[in-house]
Structure formats: structure tokens, C-alpha cells
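Structure first, then comments.
The values are calculated or read from the model by the stated rules, or taken from the named source; none is laboratory data. This one's a predicted model, so the numbers in the text were calculated from it and none came from an experiment. As a convention, Cβ positions derive from the backbone with ideal geometry for all residues, glycine included, and neighbour counts pool all protein chains shown. When the accessible area is computed, the model is the full protein with side chains, heavy atoms only, and any ligands, DNA or RNA have been set aside. Shrake-Rupley method; radii C 1.70, N 1.55, O 1.52, S 1.80 Å.
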Amino acid sequence: MVITLRPDATPAQRNAVEARLRGLGFQVVEAPDSSPLVLAAVGDGTMPALADMKAMPGVADAQRIPSPFKLASRAFRSETTVIRLGDVEIGGPAVVLMAGPCTIESEEQLQRTAAAVRAAGARIMRGGAFKPRTSPYSFQGLGEEGLKLMRRAADAHGLFVISEIMEKSQIPLLDRYVDIFQVGARNMQNYPLLRELGSVERPVMVKRGLSATVDEWLTSAEYVMSGGNTQVMVCERGIRAYETYTRNTLDLNAVAVAKSLSHLPVIVDPSHAAGVRDKVPPLARAAVAAGADGLLIEVHYDPERAICDGQQSLYPEQFAELSGQIRVIAEAVGRTL
Ligand code: PEP
Ligand code: MN
């Protein structure tokens, strides 16, 4: 349930509302920057009658939130959440580019790729140190050594870092090197991990599971938010469908739906959706036209020699060209780059 207080509600009236909801077994969460104040009653309490809540002094309105996610819903917070990293705003007017290799390989790879993506307008560098590989025999990532290399390359080029976390025991380690924790598609339902990320003081990006519905995806974001972390974004990366020309099927419906149901920034990863390099730019352009707040794109200075996902990684020149196109599309839909 969401309760909107009257602009002139007194602290005593607010306390009475909160006490009543807590007494019914709910946790009460205040919508950030809301004015007049909006409160959500979450958890598994006994739902009071709407009329009873509306009749309380100081209450302007009370509504049920029909979705399984509450804190992530637009009913709780109407304005899109803006996540700030230095001067970068995710969810603000500018579309944010996150780019870099699939996996961290070497200092040279990171330095060269970082220079290229920064020059083309990216503000956040991607790269995995812990890789969820389909085969146990595939390269699994460089671990901490890789994170150190990525931090160094990103710092040298004025970039922030996003990297994947696979299990909750890795939180303290990644926390030393990354600016954004990425939860991969395969871990979207790793609930202990999501819960634990609720108490980190860094943004978290939750990728959509291979076969997850929009409700399931946004409810995974809710897990993180339920622990008190408000800096959450979600990422559409293609879902399993029957088509085989591409690796997955980019679900732009989900972008439009998530943008309307949730205030969380929506990022699109066209690389893992397409699986082939030449399909990445058209999907990226379409994603921005559909309202994505940012793009997560695989770029490698030498994709032919990439250890992982080289076939879908853009050459730096392709990324630069795409960035120029994104700028035009962003402007056409009232955004900037
Ligand atoms: C990735 O971004 O490196 C990745 C593994 O993607 P996904 O979790 O979407 O498969
Ligand atoms: Mn990849």
C-alpha cells in the first residue's frame, strides 16, 4: 500500500500513520525526495481497509500497489530514479554508454579499449572478472587481478567501472574495485545475493534472466531495494525465444513496459541479445528510440583475438560510429548523450 500524506500533515500525524502500519506487521519506507511525503507499507502485514487509512488525519490518499514489486513501482515513486556517479547521471536526461570487453584479459586490452570507448563518449567501463560460463572448461575470468587492471585502466581514462558479481561472498572483494555491481542474467534469481546487495552502498544493475517475465525481473530489483538500497537499475539483454539467427531476442516491449511500471533506470545490452557484431548497432539504436536510459555494449580493441564473446564485440571504430548515431536518436526522443 502507498500512502500520500497531505502537504500540511504534522509529524504527529505521520507518526500515527507509521505506527498503525507497523502495528499491522508492515515495514514502512519513505519515497526518496517525495513532496508531499509518500510512504509505502511493504512486507507481509495485514492489509487495512483503504477507507480506514484514507480517513486518518494527515492522509491525502491511500492506494494498493497491484504489482508484486512495490518500492520499484511508479506507484511508489513517480519520477525516474537518477543514480549519480560523480558527474554521470543514470536515469537523467542523458543516455549513458557503458562499454568494454566481455571479459578482462590483460592490461593492454583494457588500456586500449578504455581509451577507445572513452574517446567515443562512454562514461562507464564494463568487463567481467568472474564469468558465468556455460561450460566449466571455458575461461572463468581473472578474478581480483583482473579487477585491479580494470580499475587502473578506468581511472587512467576517467571512466567508472561496472563488473559482474556471481555470489554474495564476492561482495567485499568487488566493493574495493567497482562502482556498479552487475547481477548477470543467470543470477537474477540468486535471492541470497540480491538480498545482500540490498545493504551495499553502491548502485546495482540487475540483468533480466533468460526466461524471466517483466514482473519477475522487476521483483528481483525489489529484492535489492527491500534491503534499503535505492540505487538500482535493470538491464534488458535479450530473452530465450525460438529464433536462432540471433543469440537471444531483444525484448524492446520489456523496455517500454518496465519504463512505465517502474521508476528504475532501464539499460539495454544489445550485445548479448544479438550475439553477432553487425546486429548490435541496429538494436542499440532501437533501444534508445524505445526509451532506454543507457546501453551496455561489448567493445574490444581486437575482437578477433578476444577470449570471450569476440563475435559480438564491436571494433572501436564501430562503437564510435554508433555513438554518433545514438546522439542523433537521443535528441530525437528528447534526450542527450
Ligand atoms: C555479461 O554482461 O558479461 C553477461 C555475462 O551477460 P548476461 O548475464 O546478460 O548473459
Ligand atoms: Mn559477454
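Table for the structure above
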item: Accessible carbon and sulfur surface of the chain relative to its total accessible area, %, 1.4 Å; result: 51
item: Pairwise centroid distance, computed over Cα atoms, of the range 207-265 with the range 110-183, Å; result: 21
item: Cut-off of 10 Å, at most 16 other beta carbons, DSSP loop: longest stretch of the chain lacking such chymotrypsin sites (Phe, Trp or Tyr not before Pro); result: 1-136
item: Cleavage-rule hits (trypsin sites (Lys or Arg not before Pro)) in the range 239-337: DSSP loop, at most 13 neighbouring Cβ within 10 angstrom; result: R240
item: Residue-normalised accessible area of the chain, expressed per residue, 1.4 Å probe, Å²; result: 42
item: With at most 15 neighbouring Cβ atoms within 10 Å, loop GluC sites (Glu not before Pro) (DSSP) excluded, longest segment of the chain; result: 244-337
item: Residue among L71, L21, L193 with the largest mean-square fluctuation in a Gaussian network model of the chain, springs linking Cα atoms under 10 Å; result: L21
item: Compactness relative to 2.2 N^0.38 Å, alpha carbon Rg of the range 239-325; result: 1.10
item: Surrounding net charge for Q182, when Lys and Arg each add one and Asp and Glu each subtract one, Cβ distance under 12 Å; result: +3
item: The chain: Cys lacking any partner C-beta under 4.7 angstrom; result: C235
item: Qualifying trypsin sites (Lys or Arg not before Pro) for the range 80-180 [loop in DSSP, other Cβ within 10 Å: at most 11]; result: R176
item: Whole-number Å³ per residue for the convex hull built on Cα positions in the chain; result: 136
item: Length-normalised contact order for the range 1-109 - Cα pairs under 8 Å, 6+ apart - percent; result: 27
item: Choice from V266, V42, V232 showing the highest fluctuation, given a GNM over the chain with Cα pairs closer than 10 Å; result: V42
